[in-house]
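Structure first, commentary second.
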Amino acid sequence: MQISEGFELSVDRYVATLRINRPEKRNALSAAMWRALPTLLAPLADDPAVRVLVLTGAAGTFCSGADISELAELAGNGDESGDDTGATVAAERALAEFPKPVIAMIEGFCVGGGCQLALACDLRLAAEGARFGITPAKLGIVYPPSSTRRLTAAVGPSTAKFLLFSAELIGADRALRTGLVDEVLPEGELSERVYGLARTLAGRSQLTVAAAKEIVDGRADEARFLLWQKEAREEVTEGVAAFLERRPPRFTWTGGAAVSRT
């Protein structure tokens with residue numbers, strides 16, 4: 001179902017799919033789409049029916065970046081001048097701070113702002129034919145500091161400089177070697193693998209997953225860790241009982257409130 005111009009959302013068995021749907025522009029995001037993304041993500045973050053989010057693109061392309069014809073509007077908001085307050089950075093931050101696992105399912109082009117979005121996801125799985133590039137040097141754009149730091153954390157300083165300096169596209173194999181993506185699969189196997197992984201994550205302790213995401217991302221202090229430990233007591237009891245009884249666990253933590261499930 002379409003929830004906003006340029007986006008489609010569906011939810012199935014605790015897995016939400018947010019699809020960038022602007023195939024006539026190779027899924028390039030308009031200024032309005034960049035601004036809309038945080039608003040689209042907010043209700044999903046609080047929805048107990050959503051435990052994992054898959055971000056992907058329509059028609060065999062992930063995202064070719066920001067719509068070049070609207071760069072002037074984005075620049076007016078600070079996005080293309082190195083400012084960390086603009087719409088593209090706000091969209092990236094909303095993805096990075098989404099409290100549940102986010103998987104980027106990447107086919108075709110993942111370029112510019114498309115890479116910016118993919119790197120804000122927790123995991124990136126790509127088809128063999130996917131192509132990646134970060135192209136501000138072709139346009140004289142200063143890439144935002146937060147985006148540059150996230151890129152560098154994923155691939156290291158040397159590869160980050162290569163991508164930013166050259167604006168060249170690289171293939172999925174090189175993206176895998178450098179850490180830009182986590183797995184590369186044949187075209188026909190990508191969707192099955194992504195949704196299989198998503199449902200695996202949805203079946204794990206959501207408290208463990210949420211805590212791990214905050215800790216790995218550096219957003220959990222000692223007080224937060226102690227709170228996680230306190231809330232984990234019921235989860236641990238159920239996990240151990242399920243292991244001993246050789247059955248799937250029935251975890252009940254849903255973001256601060258335990259619920260019974262049958």
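No value in this document is a laboratory result; all are computed from the given coordinates. Computed from a prediction, not measured in an experiment: that's the story for all the values here. Cβ coordinates were reconstructed from backbone atoms using ideal geometry, including for glycine residues, and neighbour counts include every protein chain displayed.
Placing a label point 7 Å from the Cα of ILE3 along the Cα-to-Cβ direction, the residues of the range 50-69 whose backbone N falls under 16 Å of that point are 50-58.
Note on GLU97 and ALA241: with the Förster distance fixed at 45 Å, the Cβ-Cβ geometry gives a FRET efficiency of about 0.85.
Around the Cα centre of the range 96-244, unit charges on the Cβ atoms of Lys, Arg, Asp and Glu (plus for the first two, minus for the last two) sum to a dipole of about 460 debye.
Computed over the alpha-carbon atoms, the range 205-262 gives an Rg to Rh ratio of 1.01, Rh here being the Kirkwood radius from the mean inverse distance.
Protection proxy ranking, highest mean first, for peptides 243-254, 110-121: 110-121, 243-254, where packing is the per-residue count of other beta-carbon atoms within 10 Å, averaged. 3J(HN,Hα) along the range 232-237, derived from phi through the Karplus expression 6.51 cos²θ - 1.76 cosθ + 1.60 where θ = phi - 60°, amounts to 7, 4, 5, 5, 5, 4 Hz, with x in place of Gly and Pro.
Give me the Kirkwood hydrodynamic radius of the range 115-262, using the inverse of the mean 1/r over all pairs of distinct Cα atoms, in Å to one decimal.
Working: mean 1/r = 0.0552 Å⁻¹.
In the range 115-262 this quantity evaluates to 18.1 Å.
Compared with the rule-of-thumb size 2.2 N^0.38 Å for a compact globular protein, the range 105-168 has a Cα radius of gyration ratio of 1.04.
Multiplying the residue separation of GLN229 and THR200 by 0.36 nm and subtracting their alpha-carbon distance yields 8.2 nm. In the chain, the longest principal axis of the Cα atoms and the axis of helix 145-155 are about 70 degrees apart. Charge tally around ALA160: other residues with Cβ under 11 Å, Lys/Arg +1 each, Asp/Glu -1 each, net +3. Note on PHE165 and GLU192: the extension gain reaches 6.2 nm, defined as 0.36 nm multiplied by sequence separation minus the Cα-Cα distance. Protection proxy ranking, highest mean first, for peptides 123-136, 165-178: 123-136, 165-178, where packing is the per-residue count of other beta-carbon atoms within 10 Å, averaged. Distant-in-sequence amide contacts of ARG131, defined by a placed amide H-H separation under 5 Å and a gap of 5 or more residues or a different chain, comprise GLY108, PHE109, CYS110. 3J(HN,Hα) couplings calculated from phi for the range 52-69 with the Karplus curve 6.51 cos²θ - 1.76 cosθ + 1.60 (θ = phi - 60°) are, in sequence order, 9, 10, 10, 9, 8, x, 7, 6, x, 9, 6, 6, 8, x, 7, 5, 4, 5 Hz; Gly and Pro show x.
Ranked by the mean number of other Cβ atoms within 10 Å per residue, highest first, peptides 197-208, 60-71, 41-52 order as 60-71, 197-208, 41-52. Taking label positions 7 Å along the Cα-Cβ direction at both THR208 and ALA49, the computed distance is 2.7 nm, reported to one decimal.
Under 5 Å from the amide H of LEU185 lie the amide H atoms of ALA126, ALA127, GLU128, each residue being 5 or more positions distant or on a separate chain, with H modelled from the backbone and absent for Pro and chain starts.
Helix 190-203 and the longest principal axis of the Cα set of the chain meet at an angle near 40°. Candidate cross-link partners of LYS25 among the aspartates and glutamates, defined by an alpha-carbon separation under 16 Å and a same-chain spacing of 8 or more, comprise GLU5, GLU8, ASP67, GLU70, GLU107.
Sorting the Cα pairs of the chain by distance into bins of 10 Å, from 0 upward, gives 7, 30, 34, 20, 8, 1, 0 percent per bin.
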